[in-house]
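*Asks:* This is the structure, below, for whatever I ask next.
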Amino acid sequence: MKLFSNISIHKKLIFIQLLTSFIVIITSSVIFLAIDFSFMKQNKINSVKSIAKVIATNSISPILFEDEDAAYENLLNLKSDLDITNACIMNTDNEVFASYTQLKATKVDFKKIMLHKGKRDTESKNIYFCYPIKEQNEYLGMVCVKASLENLYAQLFQKIRLTFLIILIGIIISFIFASIFQKYISLPILKLVTLMEKVSETKNFAYRSEVNSRDEIGKLALEFNELLAQIQKHDDTLLEANILLESKVKERTKELEIKNEKLVIAKSQAEKSKQVKEQFLASMSHEIRTPLNAIIGFQELLKSTKLNLEQREYVNSIDFAGRNLLVIINDILDISKIESGKFIFEEIEINILETLKSVIELVEFRAIEKQIKVNYQIENSFPEEVLGDGTRLIQILLNLIGNAIKFTEKGEINIFVKTLNEDENILMAEFKVQDSGIGISPENIKTIFERFTQASSETNRKYGGTGLGLTIVQQLVELQGGKISVESKLNVGSIFTFTIPFHKFTGSRKPSHISINQDKELLENLEILLVEDMHLNQSLVKKIMQKWDYKLVIVNNGVEALEILKTQTFDLILMDIQMPIMDGYVTTQEIRNSTNELINKIPIIALTAHASSSEAEKCINLGMNAYLAKPFKADVLKKLIHQFVQERKIKDNMKHYDLSYLIEHADGDQDFLKDMIHTFLVETPLLIQELKDSIDEKDFEKIKINSHSAKGLFLTLGIHQAGYLIKEIEKLAEKGEDLELIIQKYSEIEKIYLESKTYLEEELTQI
């Protein structure tokens with residue numbers, strides 16, 4: 001049907017007419033042939049019946065007189081009918097009295113196929129008929145005749161062939177007439193289709209279709225002409241409107257172009273202004289932070305000395321002024337970053353309890369000075385770890401808890417953490433910071449989160465600050481999808497409540513760093529390299545390191561740092577960023593690209609007056625381990641030093657190997673280094689297996705030989721622990737004793753090899 005629907009209409013008309021003619025002719029011919037054949041067959045049956053009756057009548061005398069010859073002569077008269085092939089006359093005993101068989105015909109046993117008297121039988125190509133011979137109702141015998149219908153079927157087939165010829169001629173005639181007359185229907189339609197295509201291509205609605213009839217096709221042409229007339233009318237109206245619109249668009253475009261030029265100029269000026277502002281803020285931040293770092297650092301050192309009351313009062317004033325100035329700088333930089341859209345939130349594992357403790361530790365000294373107790377309570381069901389931005393959470397908590405301590409003269413600070421609601425992936429955490437401080441009046445509480453706004457002018461004079469802290473906190477909370485609110489009463493206290501959504505942490509918790517108490521020997525006699533050009537900052541860091549009993553080496557720039565690293569290694573490097581000759585960025589890259597593993601793995605902490613997230617990100621991307629903005633807190637620096645020194649030394653201990661011997665002999669030949677590690681990774685498994693086989697065989701001589709062969713490979717790569725164990729196996733094998741101890745030491749060697757193998761494969765990919 002799909003194929004039929006895709007052909008043209010004139011072909012459809014021809015096909016329909018031919019199909020109709022064909023069906024009519026075929027149906028008529030089949031009916032005619034069926035009726036004709038039925039008549040012919042019936043006539044043949046009647047003819048056979050008549051012949052049988054005649055023979056029966058003529059056979060009475062021969063049967064009565066038992067004259068077989070006369071009976072046979074009677075049957076010979078059937079020769080004239082070529083369709084009768086067999087006949088016979090039977091007596092009363094159903095014995096053949098006389099029979100006839102046509103030349104070349106097959107004989108028939110009529111006794112077997114004889115039917116009831118006076119009945120006939122027909123096959124597909126034969127007729128059998130039996131008729132009784134009677135004399136005055138006395139039964140004398142039976143005449144049986146067989147007639148062939150082959151001639152009858154031959155006539156039928158001849159008529160069928162003639163009929164097909166007639167059908168073919170009829171179809172041809174129908175095709176000719178259909179082809180002639182279909183155009184009266186299809187031609188007007190095709191003309192209409194052609195006109196439609198022409199209108200569609202040219203979009204000219206002035207064309208009209210010819211109307212040559214009053215039938216349905218004529219009506220279709222009239223309706224189409226009417227449609228074209230309406231479209232043309234609308235098109236003309238649209239054209240006029242379009243011309244009018246184009247003129248208005250041109251006018252408006254010209255106006256917009258003028259405005260756009262002004263906007264481009266304004267945008268360019270704004271971007272330049274913004275860039276100048278950012279550069280100014282960054283520059284001012286650096287210039288102010290550098291001396292401020294020294295001021296705060298030295299006053300902390302001064303505090304730790306013996307001071308009289310008047311001196312301590314002066315130092316506290318310096319401390320208050322310095323830290324207040326630092327808060328102002330930080331607040332201005334933060335609000336600038338938020339406005340510029342450069343605030344990026346990360347998603348890492350956060351331990352809420354540890355985070356809260358670390359924040360309290362940072363501000364606790366101020367609370368102790370005021371004799372204020374800081375309490376915290378975390379809901380039991382709150383998860384140990386969540387995923388979110390830990391740095392921003394610390395910043396929010398520091399601001400709120402710091403404010404609570406600042407504005408509280410007596411009483412206590414209470415911090416509450418609980419789950420507000422949660423689903424499969426997200427947990428909404430609620431934090432409350434409650435103080436018993438001065439409180440906020442109802443008229444001022446509405447504007448408390450507005451920038452440069454404080455509860456009162458008296459608050460500003462007494463406690464200092466920029467009025468930006470709570471604005472920054474609000475934006476940090478809301479940018480993460482949370483909310484912040486405040487409840488307060490004058491002289492009673494305030495409750496700041498904020499919510500932050502965290503992703504649930506489903507992974508396993510990473511092991512925390514080993515504490516100082518657990519591994520003190522790792523942190524003794526540390527050698528620190530300070531790369532800093534400012535004499536004031538050099539003096540400050542030197543004083544701090546002397547308090548911690550750390551050895552400090554000071555260089556003024558990156559070139560001096562690289563020079564000293566050629567002859568001396570350090571546990572950690574403190575790197576300034578802005579320095580003459582070679583800055584901290586380039587110096588860090590040179591250190592990380594060094595082929596000497598003892599140098600390129602040294603932890604580096606950036607100490608810079610540039611306090612911005614982009615600066616921190618740049619430092620980390622260049623290979624620094626941490627970023628600390630000046631002025632820094634001594635205890636924070638100490639924690640970072642401990643963390644990275646511990647990590648490196650613990651990792652080196654876990655490796656079980658030391659490549660310094662190989663690196664020294666390689667003399668910069670990386671291919672030699674790679675070949676030696678590759679040889680170890682390829683040959684050691686075979687040597688270990690041979691040693692195991694000899695132990696299984698309890699062959700002490702083989703154990704001695706195999707252990708001696710494996711010993712050299714382990715010692716060459718600095719896997720000393722395994723080397724010593726193999727040495728002991730070799731000695732035990734020489735004595736030929738204590739196989740159980742040999743098996744125990746072999747197990748330790750195999751474990752050390754498998755642990756070292758992973759790290760050595762990593763070393764191989766990094767060389």
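*Asks:* Distance in nm between label sites at ILE743 and GLU240, each 7 Å beyond Cα in the beta-carbon direction?
*Replies:* 11.0 nm
*Asks:* Which log10 I(q)/I(0) values, to two decimals, does the range 1-88 give at q = 0.14 Å⁻¹ under the Debye formula with one point per Cα?
*Replies:* Once normalised to I(0) and log-transformed, intensities are -0.69.
*Asks:* Using R₀ = 41 Å, calculate the FRET efficiency as 1/(1 + (r/R₀)^6) where r is the Cβ-Cβ separation of LYS306 and ASN600; round to 0.05. Display every interim value, and only then the final one.
*Replies:* On the way: r = 45 Å, r/R0 = 1.09.
For R0 = 41 Å, the calculated efficiency reads 0.35.
*Asks:* Probe 1.4 Å, all protein chains in place: accessible area of THR57 in Å², nearest 10?
*Replies:* Accessible area, nearest 10 Å²: 90 Å².
*Asks:* Here is a further query. Tell me whether the range 520-590 comes out rounded, prolate or oblate; compute the Cα gyration tensor, take square roots of the eigenvalues as a ≥ b ≥ c, and use a/c under 1.5 as the rounded threshold.
*Replies:* On the way: a/c = 2.37, a/b = 1.41, b/c = 1.68.
Oblate, because a/c is 1.5 or more while a/b does not exceed b/c.
*Asks:* How large is the Rg to Rh ratio of the range 671-710 when both quantities use alpha carbon positions and Rh follows Kirkwood? Please list the in-between numbers first.
*Replies:* Details: Rg = 12.3 Å, Rh = 10.8 Å.
Here Rg/Rh amounts to 1.14.
*Asks:* Follow-up. Considering only protein heavy atoms, what is the solvent-accessible area of ILE172 at a probe of 1.4 Å, reported in Å² to the nearest 10?
*Replies:* Roughly 90 Å² of ILE172 is accessible to a 1.4 Å probe.
*Asks:* A further question follows. Name the shape class, rounded, prolate or oblate, that the alpha-carbon gyration tensor gives for the range 522-642, where a ≥ b ≥ c are the square roots of its eigenvalues, rounded holds for a/c under 1.5, and otherwise prolate holds if a/b is larger than b/c and oblate otherwise.
*Replies:* Working: a/c = 1.31, a/b = 1.05, b/c = 1.24.
Here the range 522-642 falls in the rounded category.
*Asks:* Now for a separate question. If packing is taken as the average number of other Cβ atoms within 10 Å across a peptide's residues, how do 491-503, 15-27 rank, most packed first?
*Replies:* Working: 491-503: 18.5, 15-27: 14.1.
Descending mean neighbour count gives 491-503, 15-27.
*Asks:* Please identify which residues in the range 580-602 have an amide N closer than 12 Å to a label point set 7 Å out from the Cα of VAL553, following the Cα→Cβ vector.
*Replies:* 599
*Asks:* At 7 Å along the Cα-to-beta-carbon direction for both LYS107 and LEU222, put a label point, then send me their distance in nm to one decimal.
*Replies:* 9.0 nm
*Asks:* Size of the range 168-255 along its principal axes in angstrom, Cα-based, largest extent first?
*Replies:* 82, 24, 12
*Asks:* On a 21 Å Cα-Cα criterion, which of the cross-link pairs LYS547/LYS638; LYS203/LYS248; LYS191/LYS233; LYS418/LYS489; LYS357/LYS446; LYS203/LYS233 come out too long? Walk me through the numbers before you get to the answer.
*Replies:* Working: LYS547/LYS638 11 Å; LYS203/LYS248 25 Å; LYS191/LYS233 23 Å; LYS418/LYS489 24 Å; LYS357/LYS446 31 Å; LYS203/LYS233 13 Å.
Result: LYS203/LYS248; LYS191/LYS233; LYS418/LYS489; LYS357/LYS446 exceed 21 Å.
*Asks:* What's the ranking of 709-719, 669-679 by average number of surrounding C-beta atoms within 10 Å, highest first?
*Replies:* Details: 709-719: 19.6, 669-679: 14.1.
Per-residue mean Cβ counts within 10 Å order the peptides as 709-719, 669-679.
*Asks:* Give me the net charge for the shell around ALA34: Cβ to Cβ below 13 angstrom, other residues only, Lys and Arg +1, Asp and Glu -1. Could the numbers behind the result be given before it?
*Replies:* Details: positive: LYS41, LYS159; negative: ASP36.
It works out to a net charge of +1.
*Asks:* I've got another one for you. How much accessible surface does LYS198 have with a 1.4 Å probe, in Å² rounded to 10?
*Replies:* 100 Å²
*Asks:* What's the FRET efficiency of GLU728 with ARG592 using the Cβ-Cβ distance as r and R₀ = 35 Å, to the nearest 0.05?
*Replies:* Values: r = 40 Å, r/R0 = 1.13.
The value I calculate is 0.30.
*Asks:* Counting only heavy atoms of protein chains, what accessible area per residue, in Å², does the range 672-733 have with a probe of 1.4 Å? Numbers along the way, then the final one.
*Replies:* Numbers: 3100 Å² over 62 residues.
With the other protein chains kept in place, the range 672-733 gives 50 Å² per residue.
*Asks:* At 7 Å along the Cα-to-beta-carbon direction for both LYS618 and TYR759, put a label point, then send me their distance in nm to one decimal.
*Replies:* 3.5 nm
*Asks:* A further question on this structure: Local charge sum around ASN242 (other residues, Cβ-Cβ under 12 Å, Lys/Arg +1, Asp/Glu -1)? Kindly include the intermediate steps, with their values, before the conclusion.
*Replies:* Values: positive: LYS248; negative: ASP235, ASP236, GLU240, GLU246.
Around ASN242, the surrounding residues sum to -3.
The values are calculated or read from the model by the stated rules, or taken from the named source; none is laboratory data. In this text the structure is predicted, and so the values were computed from the model without any measurement. Heads up, the Cβs are rebuilt from the backbone with ideal geometry, glycines too, and the neighbour counts pull from every protein chain shown. These area figures cover heavy atoms from the full protein model, side chains too; ligands, DNA and RNA do not enter into them. Shrake-Rupley method; radii C 1.70, N 1.55, O 1.52, S 1.80 Å.
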